[in-house]
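Enquirer: Pasting a structure below so you can have a look.
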Amino acid sequence: MRVLVFSATYDEAGNIGGVLNGTVDAVPYADILVVDDASTDGTVAVMRGLQLPQLTIIERPGKMGLGSAHLLAFCHAMHCGYDVLVSLDADGSHQPCAIPLLIEKIREGNDFVIGSRYCAGGRCDYTGYRLHVSQVANRAARRLLGIALSEFTTSFRAFRVTALRRLWLPGLRRGGYSFFMAAVVEGARNDFQMVDVPIHFLRRGYGVSKIAKLEIFRGMATLLQLAVVRRLPVSKSRRGGGLAPCRSCASPYAWIEGMPSGAYARDGGGCVQCGANDGAAV
Ligand SMILES: Nc1nc2c(ncn2[C@@H]2O[C@H](COP(=O)(O)OP(=O)(O)O)[C@@H](O)[C@H]2O)c(=O)[nH]1
Ligand SMILES: [Mg+2]
């Protein structure tokens, strides 16, 4: 199986070396993709200094958001014909040594695997307010969405890439936590076989959270919207999308066609690599 491991970075110079070296140790046969949003702390220099032949770095022109970085990884994995896409955060909270377990679950026939802090055997090192918000959000998601998973918001996941091709990519153009919940919902609506596996979620290493606090409230509003979307039938015309070349940055696959009308400028598309025509922060 050809495996791509993906991380998004924004100012993770203190953490990225450990994450990449840990990934190489855990899955030496995998390729690695990092999408960096113009980090100001030398994150890209640290990555280049490691001289890893299996590492591809895509540098975007500015902070375009975590959701669109993951969407770009979807496009990259499909375009390059990988079998499995694994994603994890680059801040040290996801342990690369757990990657083989996620891949194994795909090998067993699942389309989507999520590393869970809240299933039996899972652990979360958050305390206080952050732990409480995360637990409540994930319990609410399980109830409102009617999906039998214990975790919806973390980015430690694995996808069967052929299953990703069934998703309607414009529907996933959302910021941060909203993207992660929407991806689970779209998977469920497209009959993905889904499973969670326990992980030990650590507090981030160096630095502070890069996700705006407001994102938590946006995530709650998105959850209510997704509870409705979850129950709607999947329109046959709303499958696939994306993987068109971008005329601005010459990426062969990062232009996503068919945006919901009004959401994006001019011809209803946008590039998740350079941000061309992108009327909204994602
Ligand atoms: N490329 C990119 N990465 C981001 C952005 N925002 C956050 N990240 C990365 O996404 C991961 C999760 O972000 P983090 O700040 O740890 O979020 P938290 O765990 O919810 O507090 C980290 O690897 C960040 O560096 C962004 O706008 N663009
Ligand atoms: Mg984090």
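Enquirer: Quick one: pull the percent of accessible area on segment 3-240 belonging to carbon and sulfur, 1.4 Å probe, ligands and nucleic acids left out.
Expert: Numbers: 5380 of 9820 Å².
Carbon and sulfur: 55 percent of the exposed surface of segment 3-240.
Enquirer: Applying 1/(1 + (r/R0)^6) with R0 = 30 Å to the Cβ-Cβ distance of Gln51 and Ser248, what FRET efficiency is obtained, to the nearest 0.05?
Expert: Computed FRET efficiency for Gln51 and Ser248 comes out at 0.50.
Enquirer: Pop a pseudo-label 7 angstrom from the Cα along the beta-carbon direction at both Cys119 and Val229 and give the gap in nm to one decimal.
Expert: Using points 7 Å along Cα→Cβ, the separation is 2.3 nm.
Enquirer: Okay, moving on. Figure the gain on full extension for Thr162 and Phe217 (residue separation times 0.36 nm, minus the Cα-Cα span) and round it to one decimal in nm.
Expert: 16.5 nm
Enquirer: Would you mind calculating the relative contact order of the chain from Cα pairs under 8 angstrom and at least 6 residues apart, reporting the percent as a whole number? Please list the in-between numbers first.
Expert: On the way: 556 pairs, mean separation 59.6, N = 282.
For the chain, the relative contact order is 21 percent.
Enquirer: Subtracting the Cα-Cα distance from 0.36 nm times the residue separation, let me have the gained length for Arg143 to Asn21 in nm, one decimal.
Expert: My answer for the length gained is 40.1 nm.
Enquirer: For segment 105-177 and segment 199-231, what is the centre-to-centre distance using only Cα atoms, to the nearest Å?
Expert: 10
Enquirer: Okay, moving on. Charges at C-beta only: +1 for Lys and Arg, -1 for Asp and Glu. How large is the resulting dipole of the chain about its Cα centre, in Debye rounded to 20? If you can, show how the numbers build up before the last one.
Expert: Values: 31 positive and 23 negative charges, 204 e Å.
For the chain, the charge dipole is close to 980 debye.
Enquirer: Please list 21-34, 218-231, 78-91, 44-57 highest first by mean number of surrounding beta-carbon atoms within 10 Å per residue.
Expert: So the peptides 21-34, 218-231, 78-91, 44-57, ranked by packing, come out 78-91, 21-34, 218-231, 44-57.
Enquirer: Here is a follow-up. How much accessible area per residue does the chain have, counting only protein heavy atoms and a probe of 1.4 Å, in square angstrom?
Expert: Roughly 42 Å² per residue, with all protein chains present.
The values are calculated or read from the model by the stated rules, or taken from the named source; none is laboratory data. Please read these numbers as outputs of a predicted model, since none were measured by experiment. Neighbour counts run over all protein chains shown; Cβ positions are idealised from the backbone, glycine included. These area figures cover heavy atoms from the full protein model, side chains too; ligands, DNA and RNA do not enter into them. Shrake-Rupley method; radii C 1.70, N 1.55, O 1.52, S 1.80 Å.
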